[in-house]
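S.K.: Below you will find the structure I want to go over with you.
Every number in this text was worked out from the coordinates using simple rules, so none of it is lab data. Bear in mind the structure is a predicted one, so any value in this text is a computation, not a measurement. Cβ sites come from the backbone with ideal geometry, for glycine too, and all protein chains shown count toward neighbours.
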Amino acid sequence: MKFIKQLIITNIFIFFFLTTAYFLIISSQTPIINGSSQEKIIYFLPYPGILPDHPLYFLKNLRDKVQEFLNRDNLKKARLYLLHSDKKAAMAIALANKGKNQLSINIFLKGEKDFEKIFYYLSLAKLQGQSAPSDFIDTLKLANAKHNELIFELMKITPEGLQNSLNQLLDLNLSIKKTIEKLP
């Protein structure tokens, strides 16, 4: 009986990981364009998958933590954190569209903190003699600009009481932009 329970749990985890990989590879890129008159940033955010308001979100979170732990290449880990950051930005927009504004801002903030972790892993890679490809640096710049655009989009649709949280998010985004500009 114990063996059957373990087999069922293992199958559930395998199914979860395979379906997530499928969506990541096949249908990951969806454009997000806002309606402001400013120049649009052409950068595709990945499909966010399960949102934090879903009861099984903890499994997705667990999967992400396992991926982070098992990945030992610093440049690949930096790319992984960019993916997580982009997914959380897409999640934030989806949550805001559902009216869950505070959760949206909290998820976006976590995404920007994931973005900050990229620089740590880039510096570790540099210490080991690896340098980040210039296309990755360009991708970081585009991603940061897109995140900035999305923050302003959130500012338009969230209530007045959450503007301080959004300003904090914007400050973090601008801090990341300054760090990107210092990269070679």
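S.K.: Place the peptides 167-177, 80-90 in order of packing, highest mean first, counting for every residue the other Cβ atoms within 10 Å and averaging per peptide. Could the numbers behind the result be given before it?
M.R.: On the way: 167-177: 16.3, 80-90: 22.6.
In descending order of packing, they fall as 80-90, 167-177.
S.K.: Output wanted: per-residue J couplings in Hz (rounded whole) for segment 45-56, from phi through Karplus 6.51 cos²θ - 1.76 cosθ + 1.60, θ = phi - 60°, x for Gly and Pro.
M.R.: Working through the residues one at a time gives 8, x, 4, x, x, 5, 8, x, 8, 8, x, 9 Hz.
S.K.: Could I ask something else about it? If only Cα atoms are counted, what is the Rg of segment 137-177, and what is its Dmax, in Å?
M.R.: Calculated on Cα positions, Rg and Dmax stand at 10.9, 35 Å.
S.K.: Taking Cα pairs under 8 Å and at least six residues apart, what relative contact order does segment 85-184 come out at, in percent? Don't skip to the end; give the middle numbers.
M.R.: Details: 74 pairs, mean separation 31.4, N = 100.
31 percent.
S.K.: Of the cross-linked pairs 77/178; 65/98; 117/156, which ones have a Cα-Cα span greater than 24 Å in the structure shown? Write out the running numbers ahead of the final one.
M.R.: Working: 77/178 21 Å; 65/98 26 Å; 117/156 28 Å.
Checking Cα-Cα distances, 65/98; 117/156 exceed 24 Å.
S.K.: In addition: List the residues whose amide H sits under 5 Å from the amide H of residue 45, counting only those 5 or more places along or on another chain, with H placed 1.01 Å from N in the peptide plane.
M.R.: 30, 32
S.K.: Using the Karplus curve 6.51 cos²θ - 1.76 cosθ + 1.60 with θ = phi - 60°, work out ³J(HN,Hα) for each residue of segment 92-101 in order, rounded to whole Hz, and write x for Gly and Pro.
M.R.: For segment 92-101, the Karplus-derived couplings read 4, 5, 4, 5, 5, 5, 8, x, 9, 5 Hz, x marking Gly and Pro.
S.K.: Give me the distance in nm between label points sitting 7 Å out from Cα along the Cα-to-Cβ direction at residue 76 and residue 168, one decimal.
M.R.: 3.5 nm
S.K.: Roughly how compact is segment 30-132, stated as its Cα Rg over 2.2 N^0.38 Å to two decimals?
M.R.: Values: Rg = 15.2 Å, N = 103, 2.2 N^0.38 = 12.8 Å.
Taking N as the residue count of segment 30-132, the ratio is 1.18.
S.K.: Could you tally the net charge around residue 113, taking each other residue with its Cβ under 14 Å from the Cβ of residue 113, Lys/Arg +1 and Asp/Glu -1? Don't skip to the end; give the middle numbers.
M.R.: Values: positive: 87, 88, 110, 117; negative: 64, 68, 86, 112, 114, 116, 171.
Value of the local net charge: -3.
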